[in-house]
1. Loop only per DSSP, at most 12 neighbouring Cβ atoms within 10 Å: give me the GluC sites (Glu not before Pro) in segment 56-164, ordered by residue number.
2. Report the FRET efficiency, 1/(1 + (r/R0)^6), for I142 and L46, where r is their Cβ-Cβ distance and R0 is 30 Å, rounded to 0.05.
3. I need the trypsin sites (Lys or Arg not before Pro) found in segment 105-178, filtered to DSSP loop residues with at most 13 other beta carbons within 10 Å of theirs.
4. Once R0 is set to 35 Å, what does the formula 1/(1 + (r/R0)^6) return for the Cβ-Cβ distance between F111 and Q162, expressed as a FRET efficiency to the nearest 0.05?
5. Might you report the magnitude of the Cβ-based charge dipole of segment 53-118 about its Cα centre, with Lys and Arg at +1 and Asp and Glu at -1, to the nearest 20 debye?
Amino acid sequence: AAPAASFADFVALSAFSFALTAGEECRNLWKEKSMEVAMSRFQVFLIVLYLFFFGGVGGWVLELFFRRFFSGANPERKWLNPGFLFGPCLPLYGFGTVLLFILSELDHTLFGSFSGTFWYYPVMFVVMALAMTLLEYIAGLIFIKGMKVKLWDYTNEKFNLQGIICLRFSVYWAILGA
């Protein structure tokens, strides 16, 4: 005959069963959390991809109208493809849109408790303008030095740096970044 189970055996068996169940629940929760993390990374990837293409196409449209109606380099007012790619996309604007998104997401990390105060907005305006101007400068150097192509020329603009960036278009970048 089997010995009768004591209260201590019952408690030990219950604790063991609870530990197994709790351990499995923890593993399931960890799997769900890791799926959430993986999903959130995938969602961030999709957001960045969307912003890149939205910014690239939006920048192409902006440049298309700028070159048609406002640019002094086009006195005949013809429709000109503003990019070097086939199709309506300017990657510089796509990278710029992604850069602005990243800066806006890092605001608490960069500014801490300063974030959300009155001075935060003018400072962020200047930071975004400088970031976009730096991106334009780096892209201009890559095209001129690396690819031997000069896609834009600001040498006739006041306050230009090597004809790649100038104050006027930095202000435009600041307005677009707002």
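Taken together, the values in this text are just the output of simple stated rules run on the coordinates, not laboratory data. Since this is a predicted model, take the numbers as computed values, not measurements. Note: ideal-geometry Cβ built from the backbone for every residue, glycine included; neighbour counts use all protein chains shown.
1. Numbers: sites: E63, E76, E105, E136, E157; in loops: E76, E157.
Answer by residue number: E76.
2. On the way: r = 27 Å, r/R0 = 0.90.
So the FRET efficiency works out to roughly 0.65.
3. On the way: sites: K145, K148, K150, K158, R168; in loops: K148, K150, K158.
Loop-located and lightly packed - K148, K150, K158.
4. 0.65
5. Details: 4 positive and 4 negative charges, 78 e Å.
With Lys and Arg at +1 and Asp and Glu at -1, about 380 debye.
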